[in-house]
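Participant: Shown below is the structure under consideration.
Derivation of every value follows stated rules applied to the coordinates shown; laboratory data play no part. Note that the structure is a prediction, hence the values are computed from the model and not measured. Cβ sites come from the backbone with ideal geometry, for glycine too, and all protein chains shown count toward neighbours.
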Amino acid sequence: MPVGAFADPAPGLPEADGHVAVGDGLVPLVLAADCLPVALAGDGGVAMIHCGWRGLAAGIVGNGVEAAEARAATIGPGIGPCCYEVGETVLAAFEALGPGLASGRMLDLREVARRQLRQAGVEEIEVCELCTSCHPELFFSHRRDGEPTGRQAGLAWRD
């Protein structure tokens, strides 16, 4: 398949930044290339949510936690505060979470997600601190590579 050409596995299926599986045998998946893949697990099922700044600002974490009745979460690799420079609009979207989310214009998306998970009642949180932009040998990065670039997949399932 040529670069930039992608298969459409389910024509007509709407795009979504999160998937919840409530039964066995289903594996929610998200693709990311700097945004955070966040796995959620709880009594209501498992979920994968794609957490870029827009989704985080729109409440995807709280929605995902509620849908999965999540008690545990894992924040996967994403762009780190070392490489994620943003504008005032993005910084302002997270002011209510308190200080310490940014150093100047360098936003810490992982800390945003961590605080939102705690606000939603999730206490067991694992975090991968690897920056996708700093590790070209391990990860694709939209900020580093531009378009087109590949994606990492985040998956969650019940044992």
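Participant: Let's test the formula: R0 of 22 Å, r as the Cβ-Cβ distance of Ala153 and Glu126. What FRET efficiency results, to the nearest 0.05?
Facilitator: Taking R0 as 22 Å, the efficiency between Ala153 and Glu126 is 0.80.
Participant: Does region 8-58 classify as rounded, prolate or oblate by the C-alpha gyration tensor (a ≥ b ≥ c root eigenvalues; a/c under 1.5 gives rounded; else a/b over b/c gives prolate, otherwise oblate)?
Facilitator: Cα axes put region 8-58 in the oblate bin.
Participant: State the antiparallel share, in %, of DSSP beta bridges confined to the chain, rounding to the nearest 5.
Facilitator: Percent antiparallel among DSSP bridges in the chain is about 80.
Participant: To the nearest 20 debye, what charge dipole does region 18-150 have about its Cα centre, counting +1 at the Cβ of each Lys and Arg and -1 at the Cβ of each Asp and Glu?
Facilitator: Rounded to the nearest 20 debye, it is 220 debye.
Participant: Still on this structure, please answer the following. Please list the non-local residues whose amide H lies under 5 Å from the amide H of Tyr84, H modeled 1.01 Å from N, same-chain partners needing a gap of 5 or more.
Facilitator: Under 5 Å from the amide H of Tyr84: Leu107.
Participant: By how many nm would the segment from Arg118 to Glu137 grow when fully extended, if each residue of separation counts as 0.36 nm and the alpha-carbon distance is taken off?
Facilitator: 3.6 nm
Participant: OK, next. If I take all pairs of Cα atoms in region 64-159, what percentage of them are more than 18 Å from each other?
Facilitator: The proportion of pairs with Cα distances above 18 Å equals 54 percent.
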